[in-house]
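Values in this text are rule-based calculations from the coordinates and carry no lab data. Keep in mind that what you see is a predicted model, and the values were worked out from it rather than measured. With ideal geometry, Cβ positions are generated from the backbone for all residues, glycine too; neighbour counts draw on all protein chains shown.
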Amino acid sequence: MRRVKSWIGLGLTLWLSAGAALQLWGDAQAPEPADVLVVLGCRVDPGGVPSDCLEARTRAAVDLYEQGLAESVLFTGGVGENPPSEAQVAADLARELGLPEQAIRVETDSHSTAGNAAGAAALLPPDARVILVSEGYHLLRARQVFGCHFEQVQVASADSPLLSRTRGALREVAAVSWHGLRGFCES
């Protein structure tokens, strides 16, 4: 029984360490100008309210747009548990934050990071230079997945609340492992 507890403790420690490493990795990026910012979809709360993470991603993208890093912003994500689509909720918030209508594009059919990438690839030219906007924990896998569709992929980290980042990072450890085993370019 003691050996089992030791293995469980080691596994939990490795899981937490991997989650922390994923979060820190994404914070180290400094993007250069590109063609488009791509905001990765995230949950919509009841009443069509953006979740903390979706709001953080949207705010980060608007800030990057205002810094002149891209000429447009593509919001991705379909309808999840709560309508409307993630992309539409994020685009509406971006408008409220002052993002010009001509800079806004939406992809409203995807339900995963791979779907976000495929949807973006269907809307953008193959040589588009993209900057992905998500939390740091998500950017390693997102960059790999988008790299299957675009040659030039940069990342920018959004700063969502600590609890949201912690939960996301722990979930992302499993997602990175799964995609690593299946291949990042497999849908």
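Side notes on the structure shown:
- Inter-label distance for GLU32 and ASP63, nm, one decimal - labels placed 7 Å from Cα along Cα-to-Cβ: 2.3
- Scoring 57-69, 33-45 by mean Cβ neighbours within 10 Å over their residues and listing the highest first yields 33-45, 57-69.
- Taking each residue as 0.36 nm, the span from ASP127 to SER112 lengthens on full extension beyond its C-alpha to C-alpha distance by 3.2 nm.
- Virtual paramagnetic centre 7 Å along Cα→Cβ of ASP52, amide N under 11 Å, in region 126-162: 160-162
- Zone of ASP45's modelled label, taken as backbone nitrogen in region 122-143 under 19 Å from a point 7 Å along Cα→Cβ: 135
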